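The values are calculated or read from the model by the stated rules, or taken from the named source; none is laboratory data. From a predicted model like this one, the values you see are computed outputs, not experimental measurements. The area values use the complete protein model at the heavy-atom level, side chains included, leaving out ligands, DNA and RNA. Shrake-Rupley method; radii C 1.70, N 1.55, O 1.52, S 1.80 Å.
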Amino acid sequence: MGRIRATSPTSVVDVTAPTNILASAAGSGIEAAGSLTLLAGNGDIGSVSRPIATTVGGTLLSATAGGNVFLAETDELVYGQVYAGGTASIAAA
């Protein structure tokens, strides 16, 4: 995944993958002025060495992965649900 950016405060960014949602390089991430939903079927969202960088202006509605969830929020984070079959780690500023 490269960089995803949605600037409308009413937008809902929905990122879904059957396996993994991984950052492809430094500087990759998701900027959602509205809300965000992440679903990685039987895989991982981010990794220990490269968590998915997020900037969510609204709410992280859900982050669901059959494996692990690793997120790094650049600001405060309001979230609804986080589910991981393994480890769930969210770092927020």
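Full extension of the segment from A26 to Q81, taken as 0.36 nm per residue of separation minus the current Cα-Cα distance, would add 17.2 nm. Working from Cα pairs under 8 Å separated by at least six residues, relative contact order for the chain is 24 percent. The structure shown yields P(r) over Cα pairs in 10 Å bins from 0, in percent, and of the options [x] 19, 58, 23, 0; [y] 14, 34, 35, 16, 2; [z] 16, 48, 27, 8, 1 that calculated value carries the label [x].
Heavy atoms of the protein chains alone define the surface here; on that basis the chain has 50 Å² accessible area per residue at 1.4 Å probe size. Build a GNM of the chain with springs between Cα atoms under 10 Å apart, and of T19, T64, T54 the one that fluctuates most is T19. Here the accessible area is traced with a 1.4 Å probe on the protein chains. For the chain, carbon and sulfur cover 52 percent of it.
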